[in-house]
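Report on the following structure.
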Amino acid sequence: MITPGEFDVASFGGVTDKEVYFIASPDNPTQRYLYAIDLAGKGKLRKITPTSYSGVNTYNIAPNGQVAVHNHQSTKDPLTVRLVSLPKHETIKTLVENNAYKQKLASLALPEIKFTTVTTSEGVTLDARVIYPIDFDETKKYPVLFHVYGEPWGAVAIDTQVGLFNIMLAQKGYVIIDMDNRGTPTLKGSAWRKIIYRNIGKVNAQDQGLAAKEILKLPYLDENRVAVWGWSGGGSMTLNLLFKFPEVYQTGMSVASVSNQLIYDNIYQERYMGLPQENLEDFIEGSPITYAKNLEGNLLLVHGTGDDNVHYQSAEMLINELIKHNKQFQVMPYPNRSHGIYEGAGTSLHLYTLLTNYLMEHTPVN
């Protein structure tokens, strides 16, 4: 044991003759920093990343452990890249300063972003990142958009740059909330991450739905104007939340979602769900299509017909299930687009305009 203490090592960084470098954040799971410790296991843990680089830091360390390419970003700082010496972390050369983007951002009305935690009725505490509307007034009521992912492939309540889509929605008057449930790769221990095994679509949706109920108790959030959206695994989460918690979410926008886990790729499904020959019920219970009959709110289903990851078959199966139960919804197929739905002139602008218009129509700003 060379890293004693109750914290996770996020990733291995590199090694010298005497020390090992690794990424961790013992005090704040929404951030990442470089640490070093003696290989003999007797040294004191040292934080290498300077305090000026608050947020998320990643490193590509040379084999000799003497230099590294350092990437830094936070909700306040766009991505910058530099070549640094180790272990003193002195800048040798700035590789990416991102000045042009910084100047563009400075010309915009930018929202305030805060981190908090939410504890569910089951005692599970989730990290949350909240983006507030421009000129936020806590005496008013605001519509809420939950952005979700919720699977082992990534986390969303992280101290990184927020996208321009979020900034635009905050300018229009929305509160945007990201929360990380159990099963996401946050630095909260092995049990937190591994509980998702055979539980995709169950544990993660339960955490998100119950956490939404709690945070919506804040007086400035309008529980009657609540939307949820996500892409890929976040699209699946959107469907599960809309179907399982119709009393919480009135509107959902699901992009490139897995509606039925039995037709998704075996690499991902077998890693996190086991084999359907051994636990078929887990695949069925975790799939949104199982609960499509419960749809009460507004649903926009978006999918590329050439999706190379979540095949368009997934959307068509869900569409047929919703039709069978006479559930009204809207569909936007993007012809021959892949999982990222970016190919073709104007596609991204069209997609985000579609999402914005659907949100404003069904979850309007007063």
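The values are calculated or read from the model by the stated rules, or taken from the named source; none is laboratory data. A quick note: this is a predicted structure, and the numbers were derived from the prediction, not measured. Heads up, the Cβs are rebuilt from the backbone with ideal geometry, glycines too, and the neighbour counts pull from every protein chain shown. What goes into the accessible areas is simple: the full protein's heavy atoms, side chains included, and nothing from ligands, DNA or RNA. Shrake-Rupley method; radii C 1.70, N 1.55, O 1.52, S 1.80 Å.
Among the residues of segment 1-45, those that are closer than 21 Å to G189 by Cα, part of a strand (DSSP E or B) and of a type outside the set (A, V, I, L, M, F, W, C) comprise S11, G13, Y21, R32, Y33, Y35. Scanning segment 235-248 for residues that are of a type outside the set (A, V, I, L, M, F, W, C) and surrounded by fewer than 24 Cβ atoms within 10 Å (Cβ to Cβ) yields a count of 3. Consider segment 243-261 and keep the residues that are among the aliphatic types (A, V, I, L, M) and part of a loop (DSSP other than H, G, I, E, B). The one that is farthest from M317 (Cα to Cα) is V248. Looking across N320, N309, N326, one residue alone is under 13 Å from A256 (Cα atoms) and not acidic (D, E). It is N309. Note on segment 78-95: among residues that are basic (K, R) and without any contact (Cβ under 8 Å) to a residue 12 or more places away in the chain, the one that is nearest to K47 (Cα to Cα) is K88.
Rundown of residues vs (1) open to solvent by less than 20 Å² (accessible area, probe 1.4 Å); (2) assigned to a strand (DSSP E or B); (3) modelled with pLDDT of 95 or more, yes/no style:
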position: N71; (1), (2), (3): no, yes, yes
position: V84; (1), (2), (3): yes, yes, yes
position: L95; (1), (2), (3): no, yes, yes
position: D127; (1), (2), (3): yes, yes, yes
position: L145; (1), (2), (3): yes, yes, yes
position: A157; (1), (2), (3): yes, no, yes
position: L169; (1), (2), (3): yes, no, yes
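The residues of segment 190-212 that are open to solvent by 20 Å² or more (accessible area, probe 1.4 Å), outside any helix (DSSP H, G or I) and in contact (Cβ under 8 Å) with a residue 24 or more places away in the chain, listed by number, are Y197, R198, N199, K202. Identify, from the list A36, A40, the residue that is touching a residue at least 40 places away in the same chain (Cβ under 8 Å) and either of a type in the set (G, A, S) or surrounded by fewer than 20 Cβ atoms within 10 Å (Cβ to Cβ) (or both). None of the other options fit; the residue is A36. Picking from I323, I289, I267, which residue would you name as being open to solvent by 50 Å² or more (accessible area, probe 1.4 Å), hydrophobic (A, V, I, L, M, F, W, C), at pLDDT 95 or above and in a helix (DSSP H, G or I)? Of the residues listed, the single one that is open to solvent by 50 Å² or more (accessible area, probe 1.4 Å), hydrophobic (A, V, I, L, M, F, W, C), at pLDDT 95 or above and in a helix (DSSP H, G or I) is I323. Of the set (1) over 29 Å from Y197 (Cα atoms); (2) touching a residue at least 12 places away in the same chain (Cβ under 8 Å), all apply to G304 but (1).
Under the condition of being of a type in the set (V, I, T) and farther than 19 Å from Y342 by Cα, the residues counted in segment 352-366 number 2.
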